[in-house]
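Please read the structure below before turning to the comments.
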Amino acid sequence: MPPRSPQPKRKTSDPELPTRFSMVRSFQMADFVTLGNGVCGCLSLMFAMKALITQNTDFLFSSFWCIPAGVMFDFLDGRVARWRRSSSLLGQELDSLADFCSFGIAPAVLGFACGFQKMLDLVVLTYFVCCGLARLARFNATVAAMPTDGNGKVRFFEGTPIPTTLVIVGVLAYGVYNGKFWRFANPVFQHEGPFASFSQAFTPEYVWGGEVSIVPGYELHPLVLMYAVSGTLMISRRLRIPKP
């Protein structure tokens, strides 16, 4: 059997072959700032889960603090892009995905961690997340056709910007700080088993505002409705807020 002839190797200089780390090399400085926003969102989610596992409010407050840090990065990336006079479609998509993580998913998970765990609560939290997703998708699809000023900057937001969910996070943080959520540290419940404190912590008297029964077997925490209001305002097309 004749020996097989060796296949020619592709040269790294081949224009059809991407260079190493080509995507990272294509990032602008503003894109790295945007990634900081995404990192804050991911850390907020992980700290919230760690808080539920350890029953330690220190992790919960760390999760809260990640959201204003994400707002700071979200504020800075646009300024950096204008300073560097560099923008791209990649940066726009990256910004929306980071916003969805930090200001869409993370606040909903924090609401769950604070006790909004009834079935109707989950419906409201899911609605909120879907509204945030739809709002960002609409912005990306329509931003090219929206009116701009002399600098090419969009004049107004349709619906409230998704970073405004920081207000919800602030309400939750205030509630935890003032003892309106979470009673895991109460030693009375420690003898009832490792998981008993979860059920005790989220009984009606330990969730701010209590709960109401909508129909038999289905309760709702009234405070969770702030998520429904926020989500509805985000997807409103009649609400126009001037962009600073």
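The values are calculated or read from the model by the stated rules, or taken from the named source; none is laboratory data. This one's a predicted model, so the numbers in the text were calculated from it and none came from an experiment. Because the Cβ atoms are built from the backbone with ideal geometry, glycine has one as well, and the counts that use them run over all protein chains shown.
Data overview
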read-out: Selection within the range 110-124 - under 16 Å from G175 (Cβ atoms) and either touching a helix residue (DSSP H, G or I) at 6+ places or on another chain (Cβ under 6 Å) or among the β-branched types (V, I, T) (or both); value: L110, G111, A113, C114, F116, D121
read-out: Enumeration of residues in the range 99-118 that are modelled with pLDDT of 90 or more and in contact with a strand residue (DSSP E or B) (Cβ under 6 Å, 6 or more places away or on another chain); value: C114
read-out: Spans of helices (runs of 4 or more DSSP H) in the range 131-244 with at least 1 residues at pLDDT 90 or above, closer than 28 Å to I53 by Cβ and of a type in the set (G, A, S); value: 166-177, 225-235
